[in-house]
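> The structure that follows is given in the form of structure tokens.
Please treat every number below as a calculation from the coordinates, not as lab data. What you see is a predicted model, and the numbers here were worked out from it, not measured in a lab. As a convention, Cβ positions derive from the backbone with ideal geometry for all residues, glycine included, and neighbour counts pool all protein chains shown.
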């Protein structure tokens, strides 16, 4: 558990929050190595927060060792926040809003591997486009297939179909599901204004997050 902190300004350009809950430690290691590479190359003033909601002492000790091996050993500063309850993914990230954050804040899953220059490219884009407050990436799985993370607003039918529909029914209504998953977006790299962004890898202006 950690004592409460008040909101404060920071000279840091970027802060990062990663919520943990008994996930694969190999994935966590890969995620932290990717973040470390970005920090060491161009973002040395980054603040990293690991928010542990596992309520599992063995897991907490093991994940702390991963953090020490990947971050502390490379002189990358981080705070490990072990919470006394699990209030959910969003609530876990919200803990950091009471702490010292950078101008931009990256919300990241513990199983996401960032391309080497993605963080610096994202921040440069936000610096140059003051009207943009949120920026996310298109994601690929380990086979190289797109995950279709961004979405349109769903109908009740689409939500029920995704949650409970058998494969044959989903196949019959594939057009509606594809529309929800924005599968009509061009495949070539480009910027798109989309209705819903995934919270697995999302960078935002901190002042906007705090206005929330």
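> For a Förster distance of 41 Å, can you work out the FRET efficiency between the beta-carbons of residue 159 and residue 124, rounded to the nearest 0.05?
The formula returns an efficiency of 0.65 here.
> Could you order peptides 103-111, 168-176, 59-67 by the average number of other Cβ atoms within 10 Å of their residues, highest first?
103-111, 59-67, 168-176
> Does anyone have the angle between helix 118-128 and the longest principal axis of the chain? Alpha-carbon axes, 0 to 90°, nearest 10?
Around 90 degrees separate the two axes.
> Assuming R0 = 35 Å, can you tell me the calculated FRET efficiency for the pair residue 141 and residue 40, based on Cβ-Cβ distance, to the nearest 0.05?
Computed FRET efficiency for residue 141 and residue 40 comes out at 0.85.
> Which order, highest average first, do 51-57, 148-154 follow once you tally other Cβ atoms within 10 Å for each residue and take the mean per peptide?
Per-residue Cβ counts within 10 Å, averaged per peptide and sorted highest first, yield 51-57, 148-154.
> Can you compute the helix-only [θ] at 222 nm over the chain? Use -39500 (n - 2.57) per DSSP H run of at least 4 residues, normalise by all residues, nearest 500 deg cm²/dmol.
About -10500 deg cm²/dmol.
> Let me ask you something else. Across every pair of different alpha-carbon atoms, what Kirkwood hydrodynamic radius in Å does the chain reach?
Across the chain, the inverse of the average 1/r is 18.6 Å.
> Same structure again: Take every DSSP beta bridge whose two residues both sit in the chain, then give the antiparallel share in percent to the nearest 5.
Taking every DSSP beta bridge with both residues in the chain, the antiparallel ones total about 35 percent.
> Between the helical axis of 57-70 and the dominant principal axis of the chain, each derived from Cα atoms, what acute angle in degrees is found, rounded to the nearest 10?
Here the helix axis deviates by roughly 80 degrees.
> A follow-up question, please. Helix 25-42 against the longest principal axis of the chain: what's the angle in degrees, Cα atoms only, rounded to the nearest 10?
70
> How many nm separate the modelled label positions at residue 194 and residue 178, each set 7 Å beyond the Cα in the direction of the Cβ?
In this crude label model, residue 194 to residue 178 measures out at 1.7 nm.
> Let me ask you something else. Counting alpha carbon pairs within less than 8 Å and at least 6 residues apart, what relative contact order, in whole percent, applies to the chain?
27
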